[in-house]
Each structure stands twice: as C-alpha cells, then as structure tokens.
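A quick write-up on the structure given underneath.
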Amino acid sequence: MAKEGAQRAEETEQMIEKESGKEAAEGGAAGSLRAGDTKEMRAVVLSAFGGLNKLRVSKKAMPEPQEGELKIRVKACGLNFIDLMVRQGNIDNPPKTPLVPGFECSGIIEALGDSVKGFEIGDRVMAFVNYNAWAEVVCTPVEFVYKIPDDMSFSEAAAFPMNFVTAYMMLFEVANLREGMSVLVHSAGGGVGQAVAQLCSTIPNVTVFGTASSFKHEAIKNSVTHLFDRNADYVQEVKRISTDGVDIVLDCLCGENTGKGLSLLKPLGTYILYGSSNMVTGETKSFFSFAKSWWQVEKVNPIKLYEENKVIAGFSLLNLLFKQNRGGLIKGVMDKLLNLYNSKKIKPVVDSLWALEEVKEAMQRIHDRGNIGKLILDVEKAPTPLMANDSTETSEAGEEEEDHEGDNENKERM
C-alpha cells in the first residue's frame, strides 16, 4: 500500500509540473521559463535579521558548481553560536538578507566544477561554506572540502570542522600548548569546549580548568581536570588550586570575563578571545546588552602587558578562511586532526539531531546553552509534527509571533 501511495504521489507531482509548464508557456514572454527547467531544493532561509520568526524552510533554486567548486548533496549541517549571532545581525558587516545561514556541512559529492582534482563523484566529504550550508545542496571551493574517514558518520563529520580546527589552532598555533601547561576554557560542555578538552588530553600532564552550567557537570566531569559552575567565582577557585594562575585562557564569553581571564594568566601566558556570547541575552539584537558587554571589557594597556609578560590575542576561523585566504593553512590543520581521529585520540561529540524544519528549536537550545557537544541539522530527518508546528508559531520567549503569512505556509506544509 505504501509503495502504491508513493507511486501515486509521484505521478501527481509530475502532472502538476506538466500543468505548470503549460501555464508558463501560455503566459508568453513572462512565462517562457517553465517550472521544470529549474531544479529546486529545500533550504533554511533567514528573511531578515531578528528573532526566530525570521527563519523558514523554503524552496530555492539548486546551485551548480562553478570553476574550482564541488557540488555536495548535504546529509548534515553543523549549528554554532555564531549562527545565532548572524540571525540577530549581531556581527560586523552582516550580509544582505534574505540568506541561507550555516558554515559547515557533510555529504556526498554530486558534481565537479571545471579544473577540480583530487575528488570524485560519490566521495563522502565535509566542508566549510561561506553561508548557504543549511540546504539540501551546496557548492563550495575545493580548497574548503575534506574527505571523511570511512568510520566517521555524516553527523560526526558535520560536527568536526569548525569546533576542532578552532580548538587546535588556538591551542597549538596561537598559544603553543606544551607538556605540563594549564588551560582555562569557558563553555566546557559546548562543541569547542569539548574539542579543547580532547586535544589537551593528547599532550602529557595538561591541566584543564573548565566552566559550564551545573546541570552539565555530571556528563562532562571526566573530560576536564577541574570543573566550575559558570555563575561561580571561578577566579578564586582557579587560584585556590593554582596560585600562579594558568598558561592559556580561551574566552568565548567576552565582557567582564576578559579582565578575569587576564588576571589569571601566568607570566608568558596567552589570553585568546574567540567569541562574545555574553552580548546575546535575548531573542533579538540588543544595543544595551552590546554596550554593557563592551563596557565591562578590560581596557588593555600595552605597557601593562609588557610589564606583566602577558599575551592577548583574538581568533576567528571564518575570517581566516573567507577574508584572509588561509585555506592552505587550514588544510594542514585538518590533516593533523584527521590523523588524531584515525588514531582514536579525538572524536566529535554530537548533542542531538534536528530536522531542517526544527531549526528554531535547535537554535533555542543553543541560546539556552543546553547542549553538550554539537547540534546537527539532519537533512533527511523527518520533523516531529508538534515541533514543526510550534516552531512557526512561537518565539524564543514562547510568545506568539505576528507572522501570519509564515503560519499559513507552515499549515500547508504540515
């Protein structure tokens, strides 16, 4: 019965396409391009910067690879805190909307652009994408694509590039992590935090101090040496254990934590800022949260850094890839990381899988800092009916949105 129903549905769809083609043809010059001439795909579209009600799963024209690009049939996409900031427009020089969010994915190569070498159709790959990752099909330059190990799942592959490359480069390229050092990492239960903990375990006698929400402690207690509640006075806790402080501070929070991190550095220690999640306090961008966070940032005096022998640095993987053209450097890092994976020394931590239609709930989980590891959009996953319905009608605050057009679209889809 199911097979017969599927056949009938396919026949109906073909009939609709034929009728659409007839109507377009009858429409004269305006209808000269028939509906069947352009292949379509599902994608998460951000219509404007703001709250969750600005996200919709829509049909878009399927991209085709240009010279030097690969076309990937996407299986899974990674969600990161930066995606939440993009949605709010809480980043420097945001692109114009509407846009398809997402910066990393995994899938199968479906087509090769001209001059592409080293890959074949059917290869399992993971990739960085300069937006447009949250879709059924993406095209991206070959320099941002990497083959997946045979025993790595698509969901693990989508959780791998952003988190592990960020963690590796901060620890080894910027801070020069060595045996016997100590590291403080915030959001230790998140994707980057867990990657940092795993990479630190590959170096002998590295002490890892981590902060995280108390409900995560039981799940991640074995991944770090000393674990503190994110709302506790972690500065005093760290100094109680290590009076000299730590060698490396990895800060994704910003705000008042900048000064705290600098105060914990040992001589020749390195503080690295790689995020500013404290600026995100509500569903939409808040000028007051932004101003408060920056007001709390420690005013850095170069003379003081000189006197105290401290290093302060920043790290942005996306800027390194897409603005500063360091794809070759990232490829070398990925090779080292894949060797560590194949040696079973590191492994991506996947928190949960979500359908494209459940992207709002997934982003809410990031907003609430409820994830342990990485959240993944599984392109082939069917949405939970209640979730798919609620995601159109509610916001992060649980209030009804006045996006009636979107409600109608969702009811039709359901």
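Is there any pair with a first residue in segment 151-173 that is within 11 Å of PRO348 (Cα to Cα) and a second that is assigned to a helix (DSSP H, G or I) and open to solvent by 20 Å² or more (accessible area, probe 1.4 Å) whose Cβ atoms are under 7 Å apart and which are 6 or more apart or on different chains, and what are they?
Every condition considered, the pairs that remain are ASN163/VAL192.
May I ask you to verify whether ILE312 is at pLDDT 75 or above and surrounded by 15 or more Cβ atoms within 10 Å (Cβ to Cβ)?
So ILE312 passes the test.
Filter segment 334-357 down to the residues that are free of Cβ contacts under 8 Å to residues at least 12 places away in the same chain and in a helix (DSSP H, G or I), then identify the one that is least open to solvent (accessible area, probe 1.4 Å).
My answer is ASP335.
Which of the strands (runs of 3 or more DSSP E) found entirely inside segment 34-90 contain at least 2 residues meeting this: surrounded by fewer than 20 Cβ atoms within 10 Å (Cβ to Cβ)?
40-46, 55-61
For GLY113, indicate whether it is crowded, with 16+ Cβ neighbours inside 10 Å, modelled with pLDDT under 95 and touching a Lys or Arg at 6+ places or on another chain (Cβ under 8 Å).
Taking the combined requirement at face value, the residue does not satisfy it.
Looking only at residues that are open to solvent by 30 Å² or more (accessible area, probe 1.4 Å) and β-branched (Val, Ile, Thr) in segment 208-251, which one is nearest to TYR271 (Cα to Cα)?
THR243
Report yes if some residue within segment 133-146 is open to solvent by less than 10 Å² (accessible area, probe 1.4 Å) and touching a Phe, Trp or Tyr at 6+ places or on another chain (Cβ under 6 Å); otherwise report no.
Yes, segment 133-146 contains a residue that is open to solvent by less than 10 Å² (accessible area, probe 1.4 Å) and touching a Phe, Trp or Tyr at 6+ places or on another chain (Cβ under 6 Å).
Could you list all residues from segment 79-101 that are closer than 24 Å to ASP378 by Cα, under 16 Å from the mean Cα position of the chain (by Cα) and free of Cβ contacts under 8 Å to residues at least 60 places away in the same chain?
Matches in segment 79-101: VAL86, LEU99, VAL100, PRO101.
Filter the strands (runs of 3 or more DSSP E) completely within segment 107-183 down to those with at least 3 residues that are out of contact with any Cys (no Cβ under 9 Å at 6 or more places or on another chain).
So the answer is 137-141, 145-147.
Go through GLU402, GLU396, GLU380 for me and flag whichever is part of a loop (DSSP other than H, G, I, E, B), surrounded by fewer than 20 Cβ atoms within 10 Å (Cβ to Cβ), modelled with pLDDT under 90 and out of contact with any helix residue (DSSP H, G or I) (no Cβ under 6 Å at 6 or more places or on another chain).
GLU402
Pull up segment 358-377, narrow it to residues that are of a type outside the set (Gly, Ala, Ser) and part of a loop (DSSP other than H, G, I, E, B), then point me to the one that is least open to solvent (accessible area, probe 1.4 Å).
ASN371
The values are calculated or read from the model by the stated rules, or taken from the named source; none is laboratory data. Just so it is clear, the structure is predicted and the values come from calculations on it, not from any experiment. Ideal geometry is used to build each Cβ from the backbone, glycine not excepted, and the neighbour counts take in all protein chains shown. Protein only, heavy atoms only, side chains kept; ligands, DNA and RNA dropped before computing areas. Shrake-Rupley method; radii C 1.70, N 1.55, O 1.52, S 1.80 Å.
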